[in-house]
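See structure below.
The numbers here are math on the coordinates, done by the rules we state, and not lab data. Note that this is a predicted model, so its numbers are computed, not measured. Reconstructed Cβ throughout: ideal geometry from the backbone, glycine too, with neighbour counts over all protein chains shown.
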Amino acid sequence: MHLLHRLTRTDQPGITFTVDGVMCEGRRGDTLLTAILSFGERLRQSDFSGEPRAGFCQMGACQDCWITLESGDRLRACSTPLVEGMRVITQSSTAR
Ligand code: FES
């Protein structure tokens, strides 16, 4: 089950990345948020409640889309372009 359904740019080259170790493929021009929600129904779980989150404003204002890479870097998924080889972790640091 995925939250977003791709309607445009389906002919763009694929960009592979992983979410919790699962190989996924986005498209050139995707934000990380778009790419992740094209494969799943949540972006991450809340650091406070553990509830699923999927971003809110989609424009860098609400801070609801922070995600963590395996490197430990934290990024706003809605304003971060997808890059080949990104390795995303959706569990919060307090839940691991
Ligand atoms: S969805 Fe609001 S800052 Fe990213």
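Quick notes on this one:
- HN-Hα J in Hz across the range 44-59 - Karplus 6.51, -1.76, 1.60, θ = phi - 60°, x for Gly and Pro: 6, 10, 4, 5, 9, 9, x, 6, x, 10, 9, x, 9, 7, 6, 9
- For the range 26-32, 3J(HN,Hα) per residue [Karplus equation, 6.51 cos²θ - 1.76 cosθ + 1.60, θ = phi - 60°, Hz, x = Gly/Pro]: x, 10, 3, x, 6, 7, 4
- Sequence of PHE48, PHE17, PHE39 once ranked by neighbouring C-beta atoms within 10 Å, starting from the fewest: PHE48, PHE39, PHE17
- Of the residues ILE89, ILE36, ILE67, the one with the fewest other Cβ atoms within 10 Å heads the list, and the complete ranking is ILE89, ILE67, ILE36.
- The simple Förster model, with R0 at 25 Å and r as the Cβ-Cβ distance, assigns SER49 and LEU3 a FRET efficiency of 0.85.
- 5 angstrom amide H check on SER46, placed H, neighbours 5+ away: GLU51, ARG53
- Charge sum, other residues only, whose C-beta stays under 13 Å from MET1's C-beta, Lys/Arg counted +1 and Asp/Glu -1: 0
- Selection from PHE48, HIS2, LEU33, by position along the positive dipole direction of the chain (Cβ): LEU33
- Counted by neighbouring Cβ atoms within 10 Å, the residues VAL83, VAL19 run from fewest to most as VAL83, VAL19.
- P(r) for the chain, from all Cα pairs and a bin width of 5 Å, is 3, 14, 26, 28, 19, 7, 2, 1 %, short bins first.
- Between PHE56 and ASP11, the C-beta separation translates, for a Förster distance of 35 Å, into a calculated FRET efficiency of about 0.75.
- For the chain, the relative contact order comes to 32 percent (Cα pairs under 8 Å, sequence separation of at least 6).
- Scanning residues 5 or more positions from SER38 or on other chains, those with amide H under 5 Å from its amide H are LEU4, with H placed 1.01 Å from N in the peptide plane.
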